[in-house]
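These notes concern the structure reproduced below.
The values are calculated or read from the model by the stated rules, or taken from the named source; none is laboratory data. Just so it is clear, the structure is predicted and the values come from calculations on it, not from any experiment. Ideal geometry is used to build each Cβ from the backbone, glycine not excepted, and the neighbour counts take in all protein chains shown. Remember, those area values only see protein heavy atoms, side chains included, never the ligands or the DNA or RNA. Shrake-Rupley method; radii C 1.70, N 1.55, O 1.52, S 1.80 Å.
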Amino acid sequence: MIIFKKAADLSHHIASQACLSTDIGFVPTMGALHGGHESLIRLARKKSKIVVCSIFINPTQFNDPGDFEKYPVTLDADIIMLIEAGCDILLLPSVQEMYPQGTTQTQAFDFGHLDTILEGTHRPGHFKGVGQIVARLLDIVNPGTLYLGQKDYQQCLIIRRLLEITGRAGRTAIVIAPTLREPDGLAMSSRNMRLTIPQRVIAAVVYQCLVSIQSKQHADSFARVRKECMDLLQNKGLEPEYIALADADDLTLLEEYDPGRKMIALLAVRNGSVRLIDNMLLNE
Ligand code: AMP
C-alpha cells in the first residue's frame, strides 16, 4: 500500500497508472477503522482494479467541538487493517492540504430538505462540512465507484445529491454496503470505543428498537411502537434525539407505516457523551 499525504502526489500517481476512473474504487473514512470500514475496503477490492481509502478527520463536519477533540485515532492499527484488506492507496492528508484556502473559505452546497431533517436538525452545519470534504476528495481521487455504509444513510443520500449537484453522477457510482454489527446488534462505529462498559452493554437496546419497529410494521401503529421505543431507551438511561420513519428513497418523513413505500427507520440517541445513530430498512 502506498501512503500519500499530498493530494497532487496521489493524482499524479493515479495518472501514471494508465487506468480509467472506472477502475478506481474509493472508500472515504475518518479512521479508527473497524469491521464496517474493512467490509467496504474488501467490497471495493472485489470490484475495482485500484482501491483508494482516505483517512481524514474533517473538522468542518463536527458541530460539537468536544466530539472532534475526542474523535479516536488508531493510525498504526488502521494501516495494518488496510494492508490486510487489500487497499492499494491511502490518502492521509493534513487539514491544510484539504483546505488550502482555510476551512471557512469553502463552497456550500444546497441539499434542500435532506439537510433540514434528522441529522441536519440535530447537527447543524454537519452536512455542509460533509459536502465540502467529499467534493474535495472526489476531485482528487476521481473514482468510478464510491463505497459508502448504510450506517450513515442520510449521508449516503446527501452524497448522492452532491454527485448530482456537481455534475458527477454520470462518472461516479455509489455502492451502499450493509451495516456491520457487533454480535448483540450494535452497529460498529469508531465512537463505540468511547463507551464505558455499562454504556456499551446498554447500547444494544438501540438495535432492539429498530428490530421492534421493523417486526411490528404489519401489526401495530408506528406512533405506538415509537412511544414504546422512546420509553425503553429512556428507562435504560439513554437520551433519544429522534426516532423516525421515512421513505427510503427520498427521506420524506412518515407519520405511519406505509406498506406501499420502501421505508426506513432511523434513530439517534445519546449514551453518556457518545452519540449513536443507526437505521434499518423495513420492507426490503
Ligand atoms: P466514518 O469513518 O465513520 O466517516 O465512516 C466511513 C465510511 O464507513 C462511511 O461510508 C460509513 O457509513 C461507513 N461505516 C461506518 N460504520 C459502518 C458499519 N458499521 N458498517 C458498514 N459501514 C460503516
Taking L82 and the conditions (1) open to solvent by 20 Å² or more (accessible area, probe 1.4 Å); (2) in a helix (DSSP H, G or I), which numbered condition does it fall short on, given that it satisfies the others?
(1)
What about I57, is it of a type in the set (V, I, T), assigned to a loop (DSSP other than H, G, I, E, B), within 13 Å of the ligand (Cβ to nearest atom) and surrounded by 14 or more Cβ atoms within 10 Å (Cβ to Cβ)?
yes
Would you be able to say whether some residue in region 243-251 is free of Cβ contacts under 8 Å to residues at least 40 places away in the same chain and assigned to a helix (DSSP H, G or I)?
no
Over region 130-166, the set of residues among the β-branched types (V, I, T) and in a helix (DSSP H, G or I) is V130, I133, V134, I140, V141, I158, I159, I165
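Is it fair to say A44 is among the small types (G, A, S), near the ligand (Cβ under 10 Å from one of its atoms), at pLDDT 95 or above and buried (at least 21 other Cβ atoms within 10 Å of the Cβ)? Please lay out each step first, then the result.
Details: among the small types (G, A, S): yes; near the ligand (Cβ under 10 Å from one of its atoms): no; at pLDDT 95 or above: yes; buried (at least 21 other Cβ atoms within 10 Å of the Cβ): yes.
When the stated conditions are applied, A44 does not pass them.
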Please verify whether Y153 is open to solvent by 10 Å² or more (accessible area, probe 1.4 Å) and near the ligand (Cβ under 9 Å from one of its atoms), treating the condition exactly as stated.
yes
Could you please give the count of residues in region 168-183 that are open to solvent by 60 Å² or more (accessible area, probe 1.4 Å), within 14 Å of the ligand (Cβ to nearest atom) and in a loop (DSSP other than H, G, I, E, B)?
4
Odd one out for S189, checked against (1) within 19 Å of the chain's Cα centre (by Cα); (2) surrounded by 15 or more Cβ atoms within 10 Å (Cβ to Cβ); (3) free of Cβ contacts under 8 Å to residues at least 40 places away in the same chain
(3)
Exactly one condition in (1) within 12 Å of the ligand (Cβ to nearest atom); (2) open to solvent by 50 Å² or more (accessible area, probe 1.4 Å); (3) not small (G, A, S) is false for I202; which is it?
(1)
Matching residues in region 224-237 - criterion: being part of a helix (DSSP H, G or I) and open to solvent by 60 Å² or more (accessible area, probe 1.4 Å):
R224, R226, K227, E228, L232, Q234, N235
From the list L114, L10, L91, L33, which one is aliphatic (A, V, I, L, M), more than 28 Å from T166 (Cα to Cα), open to solvent by less than 30 Å² (accessible area, probe 1.4 Å) and touching a residue at least 24 places away in the same chain (Cβ under 8 Å)?
L33
